Amino acid sequence: MIQKSIQKSGKMEHLRIDSILRKQKIKFKLNGKDTEAYEGETVLAALLAAGQKKIKINPVSRKPRGALCGMGVCFECRVTIDGIPNVRACMTEVKPGMIIETNDKK
């Protein structure tokens, strides 16, 4: 049924989400800058929404790395939160007033 409607119209309008209900906006610090997120988002989602793609520098190649799996398996998204290093951004809910530092400085 879905395949037929895609073939007819060439669009997938019936599969689109009309809207996403967001919770309240909150503020946190990202690498010293005031940044906004929404309650209930993970730190990783908030970082990506803020345009922060680089999370760390590979210690061997010295090349920038971003998050990989986004579900707590790979440990590529570790950041420092409120002075605590190596916190997985994908498994941590962003909270108002958090101070988040990425590990992407050379």
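Whether a residue is modelled with pLDDT of 90 or more, hydrophobic (A, V, I, L, M, F, W, C) and either in a strand (DSSP E or B) or within 21 Å of LYS23 (Cβ to Cβ) (or both) was assessed, and VAL60 does not pass this test. Scanning region 58-73 for residues that are more than 17 Å from LEU47 (Cα to Cα) and in contact (Cβ under 8 Å) with a residue 12 or more places away in the chain yields a count of 1. Of LEU21, LEU68, all but one fail to be over 12 Å from ALA89 (Cα atoms), among the aliphatic types (A, V, I, L, M) and part of a loop (DSSP other than H, G, I, E, B); the exception is LEU21. With respect to (1) out of contact with any Leu (no Cβ under 8 Å at 6 or more places or on another chain); (2) buried (at least 18 other Cβ atoms within 10 Å of the Cβ); (3) modelled with pLDDT under 95, the lone exception for VAL43 is condition (3). Only one of the numbered conditions (1) more than 11 Å from the chain's Cα centre (by Cα); (2) under 18 Å from LYS33 (Cα atoms); (3) free of Cβ contacts under 8 Å to residues at least 40 places away in the same chain is not met by LYS53, and that is (1). Scanning region 16-31 for residues that are among the acidic types (Asp, Glu) and modelled with pLDDT of 70 or more returns no hits. Checking each residue in region 74-91 for being out of contact with any Leu (no Cβ under 8 Å at 6 or more places or on another chain), touching a residue at least 40 places away in the same chain (Cβ under 8 Å) and under 16 Å from LYS29 (Cα atoms) picks out only VAL87.
When restricted to residues that are of a type outside the set (A, V, I, L, M), within 11 Å of the chain's Cα centre (by Cα) and not in a strand (DSSP E or B), region 83-104 contains 2.
The values are calculated or read from the model by the stated rules, or taken from the named source; none is laboratory data. Predicted, not measured: the structure shown is a model, and the values here were computed from it. Because the Cβ atoms are built from the backbone with ideal geometry, glycine has one as well, and the counts that use them run over all protein chains shown.
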